[in-house]
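Asker: Pasting in a structure now, in structure tokens, and then I'll have a few things to ask.
We did not get these values from a lab; they are worked out from the coordinates using the rules stated. No experiment lies behind these values; they were computed from the predicted model shown. Cβ placement follows ideal geometry from the backbone for every residue including glycine, while neighbour counts extend to all protein chains displayed.
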Amino acid sequence: MSVTSKTDEVKKEIEKLGETTSSGKQLMTDIVRLLHDRMLKYNWVGFYMLETSQPPTLALGPFEGAMTPHTRIPLNQGICGAAASTGKTIVVDDVNSDPRYLACSIETKSEIVVPIFVRNQVVGELDIDSHFPAAFNHEDRQLVEYCATLVGKHLETFGQ
Ligand code: SME
């Protein structure tokens, strides 16, 4: 009998979404819904997409969870800005001890932000907040990075 972890199960469902959806926006909408519904510690799940305005800004895309006051985030602000400007995944186990953190809800305790690349350029990111401290372990990180890579490939192939 094989033992499948929750993250593996959800990853397979997301892989299927990728095969059946030919719009980047639809795939993002489906991913946030699925992650929010299935992963119990993922209390806010949303995409921010990079607008190449001057200065470049992250604009809130599809999301699930409470409305956030941060609908537009400059690249020099927040954990979101740090992930987009460095092109690196950021996992914060205790948001209240990270001076970069922009509060979305007082209940949030930990956060993961994963950049999305199209042709080696950051075009956006997937941001997830949890009401639980240190909610994002290695498996969660792999799952969220898988989603971000899939969206990047989709945007590259089909556009928004
Ligand atoms: N906490 C993020 C802001 C976005 S909200 O969490 C939805 C940050 O520090 O950039």
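Asker: Please specify each residue of the range 84-118 satisfying the condition of being within 8 Å of the ligand (Cβ to nearest atom) and part of a helix (DSSP H, G or I).
Answerer: Residue satisfying the conditions is V95 alone.
Asker: Taking the range 69-83 as the search range and keeping residues that are part of a strand (DSSP E or B) and in contact with a helix residue (DSSP H, G or I) (Cβ under 7 Å, 6 or more places away or on another chain), which one is nearest to D129 (Cα to Cα)? Please lay out each step first, then the result.
Answerer: Narrowing the range 69-83 to residues part of a strand (DSSP E or B): 72-74.
Then keep just the ones that are in contact with a helix residue (DSSP H, G or I) (Cβ under 7 Å, 6 or more places away or on another chain); that gives 73-74.
On the way: I73: 16, P74: 19 Å.
Residue satisfying both the conditions and the ranking: I73.
Asker: Hey, can you tell me all the residues within the range 48-68 that are within 11 Å of the ligand (Cβ to nearest atom), not in a strand (DSSP E or B) and not hydroxyl-bearing (S, T, Y)?
Answerer: Selection gives G65, A66, M67.
Asker: Failed condition for H154, given (1) exposed (fewer than 14 other Cβ atoms within 10 Å of the Cβ); (2) in contact with a Gly (Cβ under 6 Å, 6 or more places away or on another chain), with all others met?
Answerer: (1)
Asker: Something else about it: Working only within the range 4-45, note down all residues that are of a type in the set (S, T, N, Q) and either touching a residue at least 60 places away in the same chain (Cβ under 8 Å) or surrounded by 20 or more Cβ atoms within 10 Å (Cβ to Cβ) (or both).
Answerer: Initially, the range 4-45 is screened for residues of a type in the set (S, T, N, Q), giving 4-5, 7, 20-23, 26, 29, 43.
Within the range 4-45, S5, T7, T21, S22, S23, N43 meet the criteria.
Asker: If I ask for residues that are out of contact with any Lys or Arg (no Cβ under 8 Å at 6 or more places or on another chain), farther than 15 Å from C80 by Cα and either within 13 Å of the ligand (Cβ to nearest atom) or in contact (Cβ under 8 Å) with a residue 12 or more places away in the chain (or both), which ones from the range 119-133 would you list? Don't jump to the end; show me each part of the working.
Answerer: To start, the set of residues in the range 119-133 that are out of contact with any Lys or Arg (no Cβ under 8 Å at 6 or more places or on another chain) comprises 119-129.
With the extra rule that they be farther than 15 Å from C80 by Cα, the set shrinks to 119-121.
The answer is R119, and nothing else.
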